[in-house]
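This report concerns only the one structure given below.
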Amino acid sequence: MGGVGDEEPALKRMKLSSKGLAGLSNGSSSIESIGGSASDLMARPLPSEGDDEVVGSKGVIKREEFVRIIAKALYSLGYKKSGAHLEEESGIPLHSSVVNLFMQQILDGSWDESVATLHKIGLADESIIRSASFLILEQKFFELLDGEKVMDALKTLRTEIAPLCINSSRIRELSSCIVSQSLSESVGSPRKDIVKVRSRSKLLEELQKLLPPTVMIPERRLEHLVEQALILQREACIFHNSLDKEMSLYCDHQCGKDQIPSRTLQILDAHDDEVWFVQFSHNGKYLASSSNDRSAIIWEVGANGALSVKHRLCGHQKPISSVSWSPDDQELLTCGVEETIRRWDVSTGKCLQVYEKTGFGLVSCAWFPNGKYILSGLNDKSICLWELDGKELESWKGQRTLKISDLEVTSDGQQIVSIYKENAVLLLNRETKDERIIEEDQTVTSFSLSKDNRFLLVNLLNHEIHLWNIEGNPKLVGKYEGHRRSRFVIRSCFGGLKQAFIASGSEDSQVYIWHRSSGELIEALAGHSGAVNCVSWNPANPHMLASASDDRTIRVWGLNDLNVKYKNAHYSNGVHYCNGGT
């Protein structure tokens, strides 16, 4: 390469080619050898025995492609001698001699020569040749301008770049650069970096993306293929619930059930009646529960994973049907059954505000994503938007929700989700008032929105849970069966690493866990002695799951192999009432 004689050995050619220019920054150059420089002319391959065109047991990997990709990886990792040895021993060059010459000309800044060599590579697509020529001549233009050779840069723009007849908007931008440079010189102002020249190695990377992969192997191609293989193995593993960094290349990836929280680590029994609702905070540091005993409890997750009572919140005159964490987890909403909504300070346990509407009961609550407003469903089937100080801002009248209903808002604040009749869920655009409807054949009892706002989990009366993709026109994409539901509101949730699992309560006193993609039932967790009303998976810990039951307890589930079991937690903190008294 670069004029080195054919008879010279690969390693010698490698050493000589290290004179190639590898980068340019602000007009200065650095010396670095380029990957593949040892592949101009290599020793001829040994006579083949059998079918040497492919490798691997399946016969789908082409030997030449495989060797070239490995050589590319070696050069990228800095193992240049090893890359050169591979090319020499295999007789398979990483790049052709023409491509190597082209790459060296780019690094040397031999622009006219590189454009001429580009036409000799054998590219069939003329548009690719023009686009690559544009990038090369654009670099030439910028380097001339950076060297204050304005007239030469102008000539390049007019006689070489413009005739390519592509990217007219970019040509106008280049023209403006000349004007800016000329103005700077005419007023005698200090020269600034009007044009930030990219390095020549960066230009080579851009050209590499443009040219066919058979001509120039894409950067990090081997890493990309290996990552794809690991991701496919991970997605095929129905028990995968551990960090990706724990995956290994030494063996095929396969998790066991030991990655699923299936062992009771703690039983929380501070409530005096049925526990109807549980929800972890967004940061996973707290768990909130609400009960038929008209109280809510904020539990704190300790450093060792054990939960303890932080505050018991009292003041509601009716049972508390649900809770909702503020976006920053600093405040909590509690909603009484057709009563009021109360907003609490998590750090102090004090009640900050009561939301009520004369003559109506509030049945559901949710935070607006910016944390400045809250939403509530009313028993007249309308939805209201409130300021934090209790002022009603907006109301959507008509059949927008049911008396017993869930309420969610997408993270962009655009979509309000509610159960608006027995067998249908409403997706209401807050600004345009456009409505999208998810209609089911069975009565809808509850729903849960995924973290990415793309999916909705809908619980039905007929012992089924449906997964809907709500991007664009809603589409049913999954079903989960096995749990029991006939009389009560049973809630389910997304959870685990990347929300790869679905968990649900059940009237048979068990917690059910399915693999989200396959729909396969993984576990049915026994332990409760009453209907399991609600489950919540810790968003910060894929190995922690909580369940709330009519047996008046909350169970915290963890991994089987944990050598720890925490004591039952009873509340010992002060009881906080709505007026702030204790």
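Taken together, the residues in the range 512-536 that are in contact (Cβ under 8 Å) with a residue 60 or more places away in the chain, farther than 17 Å from Gly558 by Cβ, in a loop (DSSP other than H, G, I, E, B) and not hydroxyl-bearing (Ser, Thr, Tyr) amount to 2. Counting the residues of the range 342-359 that are more than 22 Å from Lys433 (Cβ to Cβ), without any contact (Cβ under 8 Å) to a residue 40 or more places away in the chain and part of a strand (DSSP E or B) gives 4.
Filtering the range 219-258 to residues that are at pLDDT below 90, more than 21 Å from Gln499 (Cβ to Cβ) and either surrounded by 13 or more Cβ atoms within 10 Å (Cβ to Cβ) or in contact with a strand residue (DSSP E or B) (Cβ under 7 Å, 6 or more places away or on another chain) (or both) leaves only Glu219. Looking at the range 361-389 only, could you name the residues that are at pLDDT 90 or above, in a loop (DSSP other than H, G, I, E, B) and open to solvent by less than 40 Å² (accessible area, probe 1.4 Å)? Phe368, Gly371 - these are the residues of the range 361-389 that are at pLDDT 90 or above, in a loop (DSSP other than H, G, I, E, B) and open to solvent by less than 40 Å² (accessible area, probe 1.4 Å). Tell me which residues, restricted to the range 116-153, are in a loop (DSSP other than H, G, I, E, B) and either within 30 Å of Ser180 (Cβ to Cβ) or in contact with a helix residue (DSSP H, G or I) (Cβ under 7 Å, 6 or more places away or on another chain) (or both). Of everything in the range 116-153, those that are in a loop (DSSP other than H, G, I, E, B) and either within 30 Å of Ser180 (Cβ to Cβ) or in contact with a helix residue (DSSP H, G or I) (Cβ under 7 Å, 6 or more places away or on another chain) (or both) turn out to be His119, Lys120, Ile121, Leu123, Gly147, Glu148, Lys149.
Within the range 472-488, the presence of a residue that is among the aromatic types (Phe, Trp, Tyr), buried (at least 19 other Cβ atoms within 10 Å of the Cβ), modelled with pLDDT of 95 or more and farther than 20 Å from Glu235 by Cβ is excluded.
Limited to the range 248-293, what total is found for residues that are in contact with a Ser or Thr (Cβ under 7 Å, 6 or more places away or on another chain) and among the charged types (D, E, K, R)? So the count comes out to 3.
Residues in the range 517-563 that are open to solvent by 30 Å² or more (accessible area, probe 1.4 Å) and among the small types (Gly, Ala, Ser) were compared, and the one that is nearest to the chain's Cα centre (by Cα) is Ala540. Within the range 419-455, the set of residues being among the charged types (D, E, K, R) and over 26 Å from the mean Cα position of the chain (by Cα) comprises Lys421, Glu422, Glu431, Lys433, Asp434, Glu435, Glu439, Glu440, Asp441.
Of all residues in the range 75-115, those that are more than 30 Å from Leu144 (Cβ to Cβ), assigned to a helix (DSSP H, G or I), touching a residue at least 24 places away in the same chain (Cβ under 8 Å) and open to solvent by less than 60 Å² (accessible area, probe 1.4 Å) total 7.
Quick grid of which residues meet (1) more than 29 Å from Ser281 (Cβ to Cβ); (2) open to solvent by 10 Å² or more (accessible area, probe 1.4 Å); (3) not in a strand (DSSP E or B):
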| position | (1), (2), (3) |
| --- | --- |
| Arg436 | yes, yes, no |
| Ser446 | no, no, no |
| Asn453 | no, yes, yes |
| Trp468 | no, yes, no |
| Lys498 | no, yes, yes |
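Just to check your reading of the model, which residue among Ser308, Ser322, Ser326 is among the small types (Gly, Ala, Ser) and within 26 Å of the chain's Cα centre (by Cα)? Ser326 is the lone residue from the list that is among the small types (Gly, Ala, Ser) and within 26 Å of the chain's Cα centre (by Cα). Taken over the range 116-155, the criterion of being under 21 Å from Leu174 (Cβ atoms), free of Cβ contacts under 8 Å to residues at least 40 places away in the same chain and of a type in the set (Val, Ile, Thr) is satisfied by Ile129, Val150. When you go through Ser418, Ser411 one by one, which is the residue that is at pLDDT below 95, of a type in the set (Gly, Ala, Ser), under 20 Å from Pro327 (Cβ atoms) and open to solvent by 30 Å² or more (accessible area, probe 1.4 Å)? So the residue among Ser418, Ser411 that is at pLDDT below 95, of a type in the set (Gly, Ala, Ser), under 20 Å from Pro327 (Cβ atoms) and open to solvent by 30 Å² or more (accessible area, probe 1.4 Å) is Ser411.
Among the residues of the range 325-342, those identified as of a type in the set (D, E, K, R) and either touching a helix residue (DSSP H, G or I) at 6+ places or on another chain (Cβ under 6 Å) or open to solvent by 20 Å² or more (accessible area, probe 1.4 Å) (or both) are Asp328, Glu331, Glu338, Glu339, Arg342. All conditions in (1) at pLDDT below 85; (2) assigned to a loop (DSSP other than H, G, I, E, B); (3) surrounded by 12 or more Cβ atoms within 10 Å (Cβ to Cβ) hold for Ser180, with the sole exception of (2). When Ser289, Ser321 are screened for being among the hydroxyl-bearing types (Ser, Thr, Tyr), touching a strand residue (DSSP E or B) at 6+ places or on another chain (Cβ under 9 Å) and at pLDDT below 95, only Ser321 passes. When the range 156-177 is filtered for residues that are open to solvent by 60 Å² or more (accessible area, probe 1.4 Å) and within 11 Å of Leu137 (Cβ to Cβ), the ones remaining, listed by number, are Thr159, Pro163.
The values are calculated or read from the model by the stated rules, or taken from the named source; none is laboratory data. Quick caveat: nothing in here was measured; it's all calculated off a predicted structure. Using ideal geometry, Cβ is built from the backbone for each residue, glycine included, and neighbour counts are taken over all protein chains shown. Accessible surface is based on the protein model in full, side chains and every heavy atom, while ligands, DNA and RNA are left aside. Shrake-Rupley method; radii C 1.70, N 1.55, O 1.52, S 1.80 Å.
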